[in-house]
1. What pairs come up if the first residue lies in the range B:85-108 and is within 22 Å of B:Ser130 (Cβ to Cβ), the second is part of a helix (DSSP H, G or I) and open to solvent by 40 Å² or more (accessible area, probe 1.4 Å), and their beta carbons are under 7 Å apart, counting only those six or more places apart or on different chains?
2. Quick check: anything in the range A:81-95 more than 9 Å from chain B (Cβ to nearest Cβ), farther than 19 Å from A:Val158 by Cα and of a type in the set (A, V, I, L, M, F, W, C)?
3. Here are A:Val191, A:Val207: which of them is modelled with pLDDT under 95 and assigned to a strand (DSSP E or B)?
4. Report yes if A:Gly131 is closer than 25 Å to A:Thr172 by Cα, touching a residue at least 24 places away in the same chain (Cβ under 8 Å), in a loop (DSSP other than H, G, I, E, B) and touching a helix residue (DSSP H, G or I) at 6+ places or on another chain (Cβ under 8 Å), otherwise no.
5. Pairs only if they're at least six apart or on different chains, beta carbon under 9 angstrom, first in the range A:41-61 and more than 21 Å from A:Arg217 (Cα to Cα), second of a type in the set (A, V, I, L, M, F, W, C) and open to solvent by 40 Å² or more (accessible area, probe 1.4 Å); list them, first residue then second.
6. Within the range A:15-42, which residues are open to solvent by 10 Å² or more (accessible area, probe 1.4 Å) and of a type in the set (Val, Ile, Thr)?
7. Checking B:Val208 against (1) among the aliphatic types (A, V, I, L, M); (2) surrounded by fewer than 21 Cβ atoms within 10 Å (Cβ to Cβ); (3) touching a strand residue (DSSP E or B) at 6+ places or on another chain (Cβ under 9 Å), which single condition isn't satisfied?
8. As an exercise: evaluate B:Ser130 against (1) open to solvent by 50 Å² or more (accessible area, probe 1.4 Å); (2) out of contact with any Gly (no Cβ under 8 Å at 6 or more places or on another chain); (3) of a type outside the set (A, V, I, L, M, F, W, C) and give the number of the one condition it does not meet.
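The values are calculated or read from the model by the stated rules, or taken from the named source; none is laboratory data. Source: prediction; values computed, not measured. Every residue, glycine among them, receives a Cβ derived from its backbone with ideal geometry; neighbour counts consider all protein chains shown. Surface accessibility is based on the protein's heavy atoms, side chains included, excluding ligands, DNA and RNA. Shrake-Rupley method; radii C 1.70, N 1.55, O 1.52, S 1.80 Å.
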Amino acid sequence: MIRFDNVTKSYKNLRPALDDISLEIQKGEFVFLVGSSGSGKTTFLKLLLREEVPDAGTVWVAGRDIGELSQWRVPYLRRNLGCIFQDFRLLPNKTVTENVAFALEVIGRPRAVVRTQVGQVLDLVGLGEKGDRMPHELSGGEQQRVAVARAFVNRPLVLLADEPTGNLDPATTQGIMKLLDRINRTGTTVVMATHDVGIVDTMRRRVVQLDQGRLVRDQARGVYGFGDDMTVSSRGVPAVPISGASDGRPYDLAGQPASGRVEAVRARRGVR
Amino acid sequence: MAVSFEYVAKETVTNLWRNRMMTLAAVLTVAVSLSLVGTALLLRQAVNRQIGQWSNNVSLQIFLDADAPQPQVASVRSMIDQTPQITRCAYLDHAQSYAQAKQVLAGSPTAIAALTPATTPTVFKCQLKSPGDAATVAATFNSGVPGVYRATSPSQSIRVMQQVTNALQLILLVIAIVLLVSSLVLILNAIRMAIFARRREVGVMKLVGATNWFIRVPFMLEGLVQGVLGALAAVVIVLLSNVGVSYLIRHYKVLGSAVLPAHDLVVTELVVMLIGVVVGVAGSSVAVRRFLDV
């Protein structure tokens with residue numbers, strides 16, 4: 001469904017935001033994208049939406065090299081990619097129903113289709129009764145449900161989520177994760193960038209970890225890790241947690257405890 | 001992809017209302033500048049109708065007798081050829097001369113009715129090396145040359161009038177162009193503010209895959225509406241000013257008795273509308289291209 005082939009992306013005068021990333025995500029997978037701020041998670045998602053174009057390498061979505069898409073086709077790519085964000089991005093002057101319907105109206109769906117699909121998706125996210133409310137009358141969790149409904153109402157192939165639970169308390173977060181899980185079970189691929197250790201550890205799904213733009217871990221049923229420091233290793237050698245390590249500390253691929261090097265690397269980078 | 005008419009209309013009206021102060025400024029500027037353009041055009045047409053026969057540097061007209069036989073015409077022609085002050089002449093036969101007469105006399109239908117092509121004198125329209133010689137050359141031809149009905153040169157007052165109206169037109173057009181540019185900028189700015197006011201919607205639209213044109217069209221239509229509203233106001237103003245000018249002409253007999261025919265007025269109003277549309281579309285297109293990165 002999604003493939004990155006040696007993708008590199010830099011912004012002006014900085015180290016690469018993404019550095020030679022290659023990975024493949026199958027249809028129907030649920031993938032967590034983890035890493036500290038500035039590790040390149042958001043750039044990863046932007047490349048998928050073609051808000052950004054890679055400096056080198058190829059991004060494939062649904063079998064298409066999206067770098068080859070002409071500008072006027074980009075909207076059609078985005079119709080296959082639902083998107084949710086930390087800040088919900090609802091339109092404050094529209095009701096819940098109107099917010100969700102907007103996503104279908106602006107891609108020219110007939111009114112009858114809009115009405116039925118909006119009703120269905122609001123039931124799916126558990127807001128069937130609150131269609132006439134305004135966004136500010138809803139709790140954060142409910143607002144995010146509206147955003148999920150808007151992203152999913154067009155039945156996209158992929159749902160991209162950029163820290164969707166960043167503004168929510170743990171209980172609400174769980175509700176949203178259940179919802180994303182349910183959407184994933186319909187066959188929709190879900191890619192979710194997150195900081196939330198708890199979610200990643202309980203869901204036990206594939207975890208892709210980025211650090212300073214590099215892919216440092218890709219684990220089938222992973223956990224968040226041991227904190228940011230774990231990912232630090234010399235010369236970019238990925239540090240992988242060794243299951244069953246007695247001290248619970250990270251080791252790099254050579255099997256050496258990574259902790260001793262953390263100080264050295266920190267010193268080299270200067271204080272963060 | 002169908003951009004639903006209802007959606008676009010609703011968006012455009014909402015936008016215009018939300019942005020009504022900027023809209024008002026843009027519409028008024030378009031109205032004022034287009035009124036000046038329209039007035040300048042009307043003035044030009046009125047003057048040209050009156051002194052049209054003297055345009056293109058023609059400074060001498062030799063009218064022949066309507067029934068002058070061919071040999072007389074030929075001898076006049078050879079006399080013209082032998083006059084060193086004359087550089088070039090064009091001969092209007094009965095039909096062409098009748099057409100010119102109809103134009104000149106557009107304001108007095110009774111005079112036209114009295115003419116037929118056969119009774120209209122044919123004419124040589126001549127250019128002189130120096131317009132100052134016009135009176136002397138005209139006198140030569142008026143001294144009983146067989147076949148010549150009358151040779152005329154434009155009077156001093158026509159020359160003065162030509163110069164004054166030319167200057168007036170130029171000033172009006174310069175002011176109008178400056179105002180047109182500023183109305184273009186005002187429309188551009190109004191659309192820019194509309195885009196800013198709706199950046200959330202635009203962001204969501206991009207996200208869910210609305211096509212570029214779907215996002216752009218309401219904004220461009222908004223500019224078009226501003227241009228057209230301004231032009232409509234200008235059309236009314238030009239109509240009124242035409243009534244005023246006609247009254248002045250009759251009252252002071254500045255341009256004889258001529259009043260502009262309805263045809264000229266309609267053409268002017270159409271030109272005004274067209275410029276309004278162009279300014280509106282151009283202003284909003286630039287704004288959409290520069291400030292709406294889709």
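1. Partner pairs satisfying both residue conditions: B:Gln85/B:Asp133.
2. Within the range A:81-95, none of the residues are more than 9 Å from chain B (Cβ to nearest Cβ), farther than 19 Å from A:Val158 by Cα and of a type in the set (A, V, I, L, M, F, W, C).
3. Exactly one of A:Val191, A:Val207 is modelled with pLDDT under 95 and assigned to a strand (DSSP E or B), namely A:Val207.
4. yes
5. Hits for this filter: A:Val61/A:Met1; A:Val61/A:Leu157.
6. A:Thr42
7. Result: B:Val208 passes all but (2).
8. B:Ser130 satisfies all of (1) open to solvent by 50 Å² or more (accessible area, probe 1.4 Å); (2) out of contact with any Gly (no Cβ under 8 Å at 6 or more places or on another chain); (3) of a type outside the set (A, V, I, L, M, F, W, C) except (1).
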